[in-house]
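Please read the structure below before turning to the comments.
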Amino acid sequence: PGTANKDAAIFPKRINGKIALLHRPWPDKEKLPPTISNWLKKKLYTWLGIGLPLEEQPSIYISYADTLIGDLQLTDGYKWPEGKKIASPREGAWEEEKIGIAGPPIETEYTREDGTKEPRWLLIYHGVERLHIVTFIVRRIIFGVIKRIFGQKMVVVGTYRLGYMLLDFDNPEEIEFR
């Protein structure tokens, strides 16, 4: 509540005595300074889903709270603490446009080469490819034809894929494998 946020899940166990939340705050396009360049950036992002620099693309954050009741009531515009960015889209990768979690983290065991087992958090996440302008135009034309023939509106988006991360069990801000 009180913030544009998607893809949220609470860890099934407390982390160092705190409730931990993975989430994806939506980039606040309204906070950009009022320049022509930023106006164009906001319009491209709003209309096409492109135009934000990699560091501003939707990313995965982690936030902590002591309780879900009392000071964290979900009324009166409460916002979770902003948190720390732990994973971002990667340039040139299948997830260059945006990433987000695909469900709550799963407690699992990681077996080291010496045979010892250690707990880890398995996080399944989704990513979206960045559409290049030629791909966007071709898909827009194809989807326009589909709409005319079948009356079905379609939105031009990149391809969604799934990936996984192994997070440190005691400090899930640390990604051990992606």
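Points to keep in mind about this one:
- Residue count for the stretch 92-117, restricted to those that are among the charged types (D, E, K, R) and either touching a helix residue (DSSP H, G or I) at 6+ places or on another chain (Cβ under 8 Å) or closer than 18 Å to residue 11 by Cα (or both): 3
- Check on residue 125, touching a Phe, Trp or Tyr at 6+ places or on another chain (Cβ under 9 Å) and modelled with pLDDT under 95: no
- Residue list for the stretch 1-13, restricted to those being surrounded by fewer than 15 Cβ atoms within 10 Å (Cβ to Cβ) and either modelled with pLDDT of 95 or more or under 18 Å from residue 85 (Cβ atoms) (or both): 3, 4, 6, 12, 13
- Residue that is modelled with the lowest pLDDT, among those in the stretch 128-165 that are open to solvent by 80 Å² or more (accessible area, probe 1.4 Å), in a helix (DSSP H, G or I) and of a type in the set (A, V, I, L, M): 133
- Considering residues of the stretch 14-38 that are in a loop (DSSP other than H, G, I, E, B) and open to solvent by less than 60 Å² (accessible area, probe 1.4 Å) only, the residue modelled with the lowest pLDDT: 32
The values are calculated or read from the model by the stated rules, or taken from the named source; none is laboratory data. It should be emphasised that the depicted structure is a prediction, and the values quoted were computed from it without experimental measurement. Virtual Cβ from ideal backbone geometry, glycine too; neighbours counted across all protein chains shown. All accessible areas refer to the heavy atoms of the entire protein, side chains included, with ligands and DNA or RNA removed. Shrake-Rupley method; radii C 1.70, N 1.55, O 1.52, S 1.80 Å.
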